[in-house]
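The values are calculated or read from the model by the stated rules, or taken from the named source; none is laboratory data. Nothing here was measured: the structure is a model prediction, and the numbers come from that model. FYI the Cβ positions are ideal-geometry reconstructions off the backbone, even for glycines, and counts take in every protein chain you see. Side chains are part of the model used for accessible areas, which takes the heavy atoms of the whole protein and leaves out ligands, DNA and RNA. Shrake-Rupley method; radii C 1.70, N 1.55, O 1.52, S 1.80 Å.
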Amino acid sequence: MTPEEALDSLGVSSSLMTDEESKELDEKGFVRLENVLSKETVTAIRQRMDEIAKEEGADAGKELHQEDDTIRLANLVDKDPLFEILISTPRVLAFIQHVIGSNITLSSLSSRSALKDKNSQGFHTDTGDPAIGGKFTVCNSAWLITDFTEENGATRVVPGSHRFERQPDSEMKDTTADHPDQVQF
């Protein structure tokens, strides 16, 4: 099955986004979607992530990336079918398709849980090179499974930075510092 056929079989189409949402995504580089998962699903995912973190202990996340002051888990889709909803939700896939087209490949499904009162993750891109001329090769979805707060290292983004055509460290001396235009989820 081709990626296009897989997306079609899931019912993925641009009709799953409003004009306002697609405009926000194009302008800001992100859009917030609420209530994509049921409360029961969120609870089940959170519980399973806690179990995996306990099972893996100090080895948690080593398949992809470990980081001080965080609990990282990697390859979640390989660890429980419960996580498949996070890679197959048609509405979310419609936004990803809007950004990078239909040739979607899953790179990873991982989690990053900052420990309370630790430093924020530095601003970064998830690709080695910035997108030049709006040709994006990566699109992420962040699923907020627990409350995001400043105290627990909530994700920070700079609206419009997807069009900067440079890496954050080329404009910021300290990428863990606040950016004047940042938005914290």
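The dipole here belongs to the stretch 119-185: it is taken about the Cα centre, uses +1 on the Cβ of Lys and Arg and -1 on the Cβ of Asp and Glu, and is about 280 debye. Over the chain, accessible surface divided per residue gives 64 Å², non-protein components excluded, 1.4 Å probe. Quick note on the stretch 42-107: its Rg to Rh ratio, both from C-alpha atoms and Rh being the Kirkwood radius, is 1.04. For the set Ser13, Ser170, Ser111, solvent exposure ranked by accessible area (probe 1.4 Å, protein chains only) runs largest to smallest as Ser170, Ser13, Ser111. Shape verdict for the chain, please, from the Cα gyration tensor: rounded (a/c under 1.5), prolate (a/b greater than b/c) or oblate. Oblate. When only Cα pairs below 8 angstrom with a gap of at least 6 residues are kept, the stretch 1-113 shows a relative contact order of 36 percent. Each part gets one Cα centre, and for the stretch 53-76 versus the stretch 105-176 those centres are 18 Å apart.
Helical content of the chain, expressed as a calculated mean residue ellipticity at 222 nm, amounts to -8000 deg cm²/dmol (DSSP H runs of 4 or more residues, -39,500 (n - 2.57) each, divided by residue number, nearest 500). Got a number for carbon plus sulfur as a percent of the chain's accessible area, 1.4 Å probe? Percent of accessible area from carbon and sulfur atoms in the chain: 46. Note on surface exposure: Asp169, Asp80, Asp19 rank Asp19, Asp169, Asp80 by accessible area, highest first, 1.4 Å probe. The aspartates and glutamates whose alpha-carbon is closer than 15 Å to the alpha-carbon of Lys39, local same-chain residues fewer than 8 away aside, are Asp147. Across Ser14, Ser161, the residue with the most accessible area heads the list, and the full order at a 1.4 Å probe is Ser14, Ser161.
Using Cα springs under 10 Å in a Gaussian network model of the chain, which residue among Gly29, Gly61, Gly133 shows the largest mean-square fluctuation? It is Gly133.
Given the pairs Lys79/Lys173; Lys135/Lys173; Lys54/Lys135; Lys54/Lys173, which span a C-alpha to C-alpha distance of over 32 angstrom in this model? Going by Cα-Cα distance, Lys79/Lys173; Lys54/Lys135; Lys54/Lys173 fall outside the 32 Å limit. When the P(r) is computed for the stretch 25-80, the part past 15 Å accounts for 60% of the Cα-Cα pairs.
Full extension of the segment from Phe164 to Ile100, taken as 0.36 nm per residue of separation minus the current Cα-Cα distance, would add 21.3 nm.
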